[in-house]
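What follows is one structure encoded as structure tokens, with my remarks underneath.
Derivation of every value follows stated rules applied to the coordinates shown; laboratory data play no part. This is a predicted model, so every value here is computed, not measured. All Cβ positions, glycine included, derive from the backbone under ideal geometry; neighbour counts span all protein chains shown.
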Amino acid sequence: MAHPSFGNGWPNCARSNMVTLVRRDGLRLPVHRELADLVSILMDLTELAGGYNIVPSWTWGFACRAIAGTNQPSNHSWGTAVDINAPVNPRKRPLTTNIPRSVRELWKANGFRWGGDYKTSVPDAMHFEFMGSVADARAITARLRRFLSHAAPAPRQRTPATAPGEKGRIMELQRLLRVAPDGAIGPATVSAMNRNLIGWPPEVRRRTGRNVSLPGNSNPNLVRWLQRQGRRKGYLMTVDGSIGPQSNHLIVVVLGQADAICGANGYRAAVR
Ligand SMILES: [Zn+2]
């Protein structure tokens, strides 16, 4: 028996309460209008999360009838029961099913009783029937929707491929460094730069008093980036990706500010 809030069942089935749930795989499933969204979500999860394929021609919903072999109205007559993949989940003893436990638990956790759990009558593995009221169905549907909207991956923040001016130069640097390109020189950019760029030349070490020990081999793409900044600032230098006297000079005067080497200020000076 369905909850009274779902209206009449067999023999006075309320066909006007039914809607046809249409799925992309071609399934057309008549169910009670108050359950259509919930059934739709659970079928999606059955397939997407549960990995269990629902075969359209083996799957049924509303049917104005009694429980087989009785005068008791079937929950199908309220449109509150669905049968999934009937031929491989027959109503028979012993229990015969290929519905994964996770799928059964999914439906059971969301207000349905599974026919395979019947103890006093013949197990009916294809059969799921809703046990609650219309209000319960609405609350469970809303809860599932909230859960799914949280579970969905956050929309990817689209970073523009380029940005003009200083911000664009910083983003170019950040892409080379594999730092999220936000166009602002922060700690992540500074430490990535310091890890990647330069075996600081002796002049810089002397001038800053810092004994910075960094990899001697620079990333040529980063050196090229630095050299482009130098060209932009009017230094006559070749953009060749290797650190020669000119690049050293640039590093000393632009990046190697006494208080800025290996800090954000030097890199900000380079892109200005
Ligand atoms: Zn059934």
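Compute the label zone of Arg113 within the stretch 1-24: residues whose backbone N is under 11 Å from the point 7 Å along Cα-to-Cβ.
Within reach of a label on Arg113, which here means backbone N under 11 Å from a point 7 Å along Cα→Cβ, the stretch 1-24 contributes 1-3.
How compact is the stretch 4-150 by the rule of thumb for globular proteins, expressed as Cα Rg over 2.2 N^0.38 Å?
Values: Rg = 14.4 Å, N = 147, 2.2 N^0.38 = 14.7 Å.
So the Cα radius of gyration is 0.98 times the expected 2.2 N^0.38 Å.
Starting from the Cα of Ser16, step 7 Å toward the Cβ, then list every residue of the stretch 70-85 with an amide N under 19 Å from that point.
77-80
Using Cβ contacts closer than 10 Å as the measure, can you line up Ser40, Ser74 from fewest to most? Working shown, then result.
Details: Ser40 16, Ser74 22.
Ordered by Cβ neighbours within 10 Å, fewest first: Ser40, Ser74.
R0 = 22 Å: FRET efficiency of Phe147 with Arg101, Cβ-based, nearest 0.05?
On the way: r = 20 Å, r/R0 = 0.91.
After rounding, the FRET efficiency stands at 0.65.
By how many nm would the segment from Arg195 to Arg65 lengthen if fully extended, with 0.36 nm per residue of separation less the alpha-carbon distance? Display every interim value, and only then the final one.
Values: separation 130, 0.36 × 130 = 46.80 nm, distance 7.36 nm.
Residue separation times 0.36 nm, minus the Cα-Cα distance, leaves 39.4 nm.
Given a Förster distance of 41 Å, report the FRET efficiency between Arg23 and Asp182 from their Cβ-Cβ distance, rounded to the nearest 0.05.
0.50
Specify the inter-centroid distance of the stretch 88-130 and the stretch 5-65, based on alpha-carbon positions, in whole Å.
So the two Cα centres are separated by 16 Å.
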